[in-house]
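Chemist: Sharing a structure with you now.
Quick note: the coordinates plus some simple rules give every number you see, no bench work behind them. From a predicted model like this one, the values you see are computed outputs, not experimental measurements. Here the Cβ positions follow ideal geometry from the backbone for every residue, glycine too, while neighbour counts run over all protein chains shown.
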Amino acid sequence: MKICVTAQGRDINAQIDPRFGRCQYFLMVDTDTLSCEAVENSNREAGGGAGIRSGQTMSANGVQAVLTGHMGPNAFRTIASEGIQVFLGMTGNVREVVENFKQGRYQPDQQHDTGSHQTPLF
């Protein structure tokens with residue numbers, strides 16, 4: 001299965017980047033082999049629309065799930081409309097998160113957890 005994990009670095013030992021639309025890297029991980037490809041997030045400095053464009057990147061790369069810290073409403077809608085599952089609240093390093101995902105320790109989220117521009121909903 002191909003998943004995407006938002007990361008602060010280019011390899012599977014990198015720390016999770018808690019931001020989806022403005023993360024440093026998208027790590028496209030094959031859950032069977034743990035091989036990964038780092039895609040630099042060209043949207044992170046965008047004035048607006050970073051979440052939507054980042055969501056489109058998920059679809060273009062054929063991922064089936066996204067694991068990240070937080071996600072806003074526009075990104076969530078974009079990803080959900082493509083049938084991609086979203087898992088929020090991720091912390092730690094990418095390898096640990098992927099292993100926990102493979103073991104079924106996470107449940108997909110049904111809605112975003114921030115407002116526009118990282119405004120917490122709680």
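Chemist: How long is the chain along each principal axis, judged by its Cα atoms, biggest number first, in Å?
Modeler: 35, 27, 25
Chemist: Could you work out how far apart the two model spin labels at D30 and K102 are, taking each label as a point 7 Å from the Cα in the direction of the beta carbon, and quote it in nm?
Modeler: 1.3
Chemist: Starting from the range 6-97, pick out the GluC sites (Glu not before Pro) whose DSSP state is loop and whose Cβ has at most 10 other Cβ atoms within 10 Å.
Modeler: E45
Chemist: So, one more: Per 0.36 nm of contour for each residue apart, how much would the distance between K2 and T91 grow if the chain were fully extended, relative to their Cα-Cα spacing?
Modeler: 30.1 nm
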